[in-house]
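Peer 1: Below you will find the structure I want to go over with you.
The values are calculated or read from the model by the stated rules, or taken from the named source; none is laboratory data. All values derive from a computational prediction rather than experimental measurement. Don't worry about glycine lacking a Cβ; one is built from the backbone with ideal geometry, like all the others, and counts go over all protein chains shown.
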Amino acid sequence: MAVAVVYVFTILLSIILTWFTLCVRKRQVGEPPLENGWIPFLGVALEFRQNPLEFLRSKQRKYGDSFTCKIAGNFFTFIMDPFSYSAVFRQGKNLDFQTFAIETSRKVFGHADFNDPIYNRNYKEIHALFRQTLQGPALHNLTSSMMENLQTVMLRNKTSEWTTEGLQSFSFRIMFEAGFRTLFGREEKPSEMENIEPKKFQMTTAMDNFNVFDRAFPEIAAGFPIYLLKKAYTAREALTERLQHKYLKKNHGLSALIERRMNLFDQMPYLDELGKARTHTAMLWASQANTLPATFWSLYYMLRSPEALKVAQTEVERVIQESNQKLDKMKKTVVLSKEQLDSMSALGSIIDEALRLSSASIMIRVATENFVLNMDSGKNVSIRKGDRIAMFPQMIHMDPEIYENPTEFKFNRFLDENGQKKTFFYKNQRKLKNFLLPFGSGVSECPGRFFAVNEIKQFLALVVFYYDMELKDPATPVDIDCSRAGLGILPPKHDVLFRYKLKDCISE
Ligand code: HEM
Ligand SMILES: *[C@@H]1O[C@H](CO)[C@@H](O)[C@H](O)[C@H]1NC(C)=O
Ligand SMILES: *[C@@H]1O[C@H](CO)[C@@H](O)[C@H](O)[C@H]1NC(C)=O
Ligand SMILES: *[C@@H]1O[C@H](CO)[C@@H](O)[C@H](O)[C@H]1NC(C)=O
């Protein structure tokens with residue numbers, strides 16, 4: 001017995017020693033300080049995941065503006081100095097985003113490998129569609145479609161009673177359905193014209209499936225096989241089932257984005273029908289996963305601040321009066337053009353401030369060669385092939401030197417003295433180019449960012465216009481759930497109750 005223990009002990013000890021002598025990476029000349037962590041493979045993953053902001057702040061105090069950490073088998077070099085972000089964005093030559101992004105997305109959505117040459121040429125075309133169909137002139141169509149869909153969903157129930165609901169539940173269900181219809185269209189049924197609810201059950205199911213799948217997203221993206229997460233897998237497959245071309249083709253009001261993606265996928269002989277549908281599930285996720293919590297926070301902070309709510313009401317009234325629309329129950333819907341939305345700078349500031357407080361995305365690039373990164377300070381940092389460069393903009397968003405009292409919501413933080421969008425922010429008396437990055441930047445910048453801000457603005461304008469609203473308990477703040485840090489907009493830890501009521505002149 002004792003002999004066996006000695007054997008086991010010896011074997012373990014030699015494994016550990018081998019690991020330390022052979023497998024532990026050593027810092028080389030010119031490389032940033034290195035933190036291997038003490039757990040084989042995982043490195044500092046646990047510490048990092050627990051609280052990325054605090055982890056990075058403590059390493060920054062120890063090492064300065066760049067350092068390398070081992071996280072789950074990969075080496076990440078963090079760039080902490082916001083003035084050096086541009087140096088990374090400019091390094092297109094030695095840094096890859098797409099290969100890495102498609103790999104991650106494949107793990108989660110199970111779609112085809114678009115890095116494979118048999119798809120690659122078409123994939124470039126598909127990628128180019130984002131800009132063509134989500135920005136510029138195309139945004140007008142999306143905007144008016146979203147405006148209509150939001151009101152269809154909001155005005156289905158014209159009761160004049162006060163209704164109590166979770167604020168998250170309220171904003172998620174309205175935005176999910178309206179956003180879904182705006183991209184993927186809707187089944188045309190005559191009853192829909194009557195503002196009755198023919199599809200409630202299906203849309204509720206889709207929304208439930210989306211939530212179940214989205215809750216498991218962090219584990220799946222981190223590499224946990226989705227096949228082992230039964231509920232998430234079933235939910236994803238159910239969403240995908242409904243997004244097959246045979247159903248989408250029957251829908252009315254498909255967005256140009258989805259219509260043109262469908263055309264391109266139909267020209268790809270190696271892609272089967274479910275394979276096409278999986279890419280649509282990925283698109284559905286991209287269009288909703290961040291937008292929903294961002295909408296929640298925008299509405300939540302607006303309602304919590306009487307000043308913000310007042311300013312928003314004044315702005316909405318001004319814009320609606322300017323366009324000669326009255327609060328009138330005979331009128332089917334309110335129309336706000338894209339130009340009018342653009343002119344609503346107070347709502348814009350409320351949204352930007354909500355994004356600043358809730359965004360925790362991480363920007364990642366993979367080094368395709370050994371190369372030297374020239375930091376803004378003049379320092380040069382050697383990066384090894386295969387390593388990742390990472391930027392965590394929450395460090396900027398929560399920097400008290402850039403944003404005074406950074407954890408506080410200030411509705412007018414992004415307004416200048418003329419009430420216009422403020423674009424000057426400073427650190428060390430230097431003007432910052434990158435001060436608000438909820439949408440990423442460089443090659444991976446979110447192509448839906450203009451549409452996203454527009455749709456949240458539309459939502460805020462319409463709820464202010466249609467409803468009287470109050471939070472049940474405005475004094476108690478709701479905490480942010482940090483467990484999804486790295487993946488985008490963080491959700492609240494729990495829902496908060498509020499009550500709302502259609503204004504008397506609208507209700508029936
Ligand atoms: C508040 C809402 C949103 C936020 C905060 C947001 C944020 C982001 C971020 C940070 C990325 C880059 C991910 C990375 O670097 O790995 C991204 C990518 C993307 N977003 Fe958004 N997004 C939002 C809404 C939308 C909407 C409404 C759409 C479309 C309708 C959309 C479509 C996309 C697409 C297609 C990509 C991938 C782009 C690529 O592969 O190059 N997003 N988003
Ligand atoms: C906008 O919609 C109109 C009418 O549905 C269509 O003719 C036009 O091509 C669309 N524009 C864009 C840029 O998608
Ligand atoms: C409309 O809302 C009221 C109040 O919440 C609710 O009692 C009623 O059942 C709803 N009506 C419909 C048709 O959903
Ligand atoms: C960093 O590299 C650049 C050329 O890439 C060089 O001009 C500069 O002198 C180097 N800086 C330092 C501090 O070594």
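Peer 1: Sort out which residues of the range 99-122 are under 25 Å from Asp387 (Cβ atoms) and free of Cβ contacts under 8 Å to residues at least 40 places away in the same chain, and write them in order of number.
Peer 2: Matches in the range 99-122: Ile102, Glu103, Arg106, Asp113, Phe114, Asn115, Asp116, Asn120.
Conditions (1) within 22 Å of Phe409 (Cα to Cα); (2) modelled with pLDDT of 95 or more; (3) away from ligand 3 (no atom under 16 Å from the Cβ), marked per residue:
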{"site": "Leu336", "(1), (2), (3)": "no, no, yes"}
{"site": "Glu339", "(1), (2), (3)": "no, no, yes"}
{"site": "Arg356", "(1), (2), (3)": "yes, yes, yes"}
{"site": "Leu373", "(1), (2), (3)": "no, yes, yes"}
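Peer 1: Starting from the range 55-67, take each residue that is within 8 Å of Pro33 (Cβ to Cβ) and list its partners that are assigned to a helix (DSSP H, G or I), counting only C-beta distances under 7 angstrom and pairs at least six apart or across chains.
Peer 2: Close Cβ pairs (under 7 Å, with a partner that is assigned to a helix (DSSP H, G or I)) amount to Phe67/Lys59.
Peer 1: Right, next: In the range 108-124, which residue that is surrounded by 16 or more Cβ atoms within 10 Å (Cβ to Cβ) and in a helix (DSSP H, G or I) is modelled with the lowest pLDDT?
Peer 2: Filtering the range 108-124 for residues that are surrounded by 16 or more Cβ atoms within 10 Å (Cβ to Cβ) and in a helix (DSSP H, G or I), the one modelled with the lowest pLDDT comes out as Asn122.
Peer 1: Report yes if some residue within the range 397-405 is at pLDDT 95 or above, more than 16 Å from ligand 4 (Cβ to nearest atom) and under 17 Å from the mean Cα position of the chain (by Cα); otherwise report no.
Peer 2: Scanning the range 397-405 turns up at least one residue that is at pLDDT 95 or above, more than 16 Å from ligand 4 (Cβ to nearest atom) and under 17 Å from the mean Cα position of the chain (by Cα).
Peer 1: How many residues are part of a loop (DSSP other than H, G, I, E, B), of a type outside the set (Gly, Ala, Ser) and more than 10 Å from ligand 2 (Cβ to nearest atom) when one looks only at the range 136-175?
Peer 2: 7
Peer 1: While we're here: For Leu373, work out the one condition from (1) among the aliphatic types (A, V, I, L, M); (2) within 16 Å of ligand 4 (Cβ to nearest atom); (3) surrounded by fewer than 21 Cβ atoms within 10 Å (Cβ to Cβ) it doesn't fulfil.
Peer 2: The number of the failed condition is (3).
Peer 1: Here's a check for you: in the range 125-134, which residue that is surrounded by 15 or more Cβ atoms within 10 Å (Cβ to Cβ) and more than 10 Å from ligand 2 (Cβ to nearest atom) is farthest from Val334 (Cα to Cα)?
Peer 2: Among residues in the range 125-134 that are surrounded by 15 or more Cβ atoms within 10 Å (Cβ to Cβ) and more than 10 Å from ligand 2 (Cβ to nearest atom), the one farthest from Val334 (Cα to Cα) is Ile126.
Peer 1: Just checking, does the range 475-492 include any residue being modelled with pLDDT of 95 or more, surrounded by fewer than 17 Cβ atoms within 10 Å (Cβ to Cβ) and of a type outside the set (S, T, N, Q)?
Peer 2: No, the range 475-492 contains no residue that is modelled with pLDDT of 95 or more, surrounded by fewer than 17 Cβ atoms within 10 Å (Cβ to Cβ) and of a type outside the set (S, T, N, Q).
Peer 1: Does Glu31 qualify as being in a helix (DSSP H, G or I), out of contact with any Leu (no Cβ under 7 Å at 6 or more places or on another chain), of a type in the set (D, E, K, R) and at pLDDT 90 or above?
Peer 2: Details: in a helix (DSSP H, G or I): no; out of contact with any Leu (no Cβ under 7 Å at 6 or more places or on another chain): yes; of a type in the set (D, E, K, R): yes; at pLDDT 90 or above: yes.
For Glu31, the condition - in a helix (DSSP H, G or I), out of contact with any Leu (no Cβ under 7 Å at 6 or more places or on another chain), of a type in the set (D, E, K, R) and at pLDDT 90 or above - is not met.
Peer 1: Under 7 Å by Cβ, and 6 or more places apart or on different chains, what pairs join a residue from the range 135-155 that is closer than 18 Å to Ser169 by Cβ with one that is away from ligand 3 (no atom under 16 Å from the Cβ) and in a helix (DSSP H, G or I)?
Peer 2: Correct list of pairs: Leu150/Ala178; Leu150/Gln458; Leu150/Phe459; Leu150/Leu462; Val153/Ala178; Met154/Leu462.
Peer 1: So, one more: Of the residues that sit in the range 413-452 and are assigned to a helix (DSSP H, G or I) and in contact (Cβ under 8 Å) with a residue 24 or more places away in the chain, which one is nearest to Arg90 (Cα to Cα)? Show your work before the answer.
Peer 2: Here is the first cut: in the range 413-452, the residues assigned to a helix (DSSP H, G or I) are 442-444, 449-452.
Add one more test, that the residue is in contact (Cβ under 8 Å) with a residue 24 or more places away in the chain, and what stays is 442-444, 450-452.
Working: Gly442: 8, Val443: 9, Ser444: 12, Phe450: 23, Phe451: 26, Ala452: 26 Å.
It comes out as Gly442.
Peer 1: Right, here's the next one. I need every pair where a residue in the range 358-382 that is farther than 17 Å from Pro32 by Cα has its Cβ under 6 Å from the Cβ of a residue that is aromatic (Phe, Trp, Tyr) and within 16 Å of ligand 1 (Cβ to nearest atom), sequence separation at least 6 or different chains.
Peer 2: Ser358/Trp297; Ile362/Phe392
Peer 1: Here is a further query. So, in the range 213-234, of the ones that are assigned to a loop (DSSP other than H, G, I, E, B) and in contact (Cβ under 8 Å) with a residue 12 or more places away in the chain, which residue ends up farthest from Ile362 (Cα to Cα)?
Peer 2: For the range 213-234, the residue satisfying everything is Leu229.
Peer 1: Among (1) basic (Lys, Arg); (2) more than 22 Å from Pro393 (Cα to Cα); (3) within 16 Å of ligand 4 (Cβ to nearest atom), which single condition is Arg106 missing?
Peer 2: Answer for Arg106: the failing condition is (3).
Peer 1: Among the numbered criteria (1) of a type in the set (Asp, Glu); (2) in contact (Cβ under 8 Å) with a residue 24 or more places away in the chain; (3) farther than 16 Å from Ser345 by Cα, which one does Glu455 miss?
Peer 2: Unmet condition: (3).
Peer 1: Residue check: is Met175 surrounded by 18 or more Cβ atoms within 10 Å (Cβ to Cβ), away from ligand 3 (no atom under 16 Å from the Cβ), within 27 Å of Cys505 (Cα to Cα) and not polar (S, T, N, Q)? Give the steps one after another, and end with the answer.
Peer 2: On the way: surrounded by 18 or more Cβ atoms within 10 Å (Cβ to Cβ): yes; away from ligand 3 (no atom under 16 Å from the Cβ): yes; within 27 Å of Cys505 (Cα to Cα): yes; not polar (S, T, N, Q): yes.
So Met175 passes the test.
Residues are listed down the side, and each one gets a yes or a no for (1) more than 27 Å from Asp399 (Cα to Cα); (2) of a type in the set (D, E, K, R):
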{"residue": "Glu31", "(1), (2)": "no, yes"}
{"residue": "Pro40", "(1), (2)": "yes, no"}
{"residue": "Leu53", "(1), (2)": "no, no"}
{"residue": "Lys59", "(1), (2)": "no, yes"}
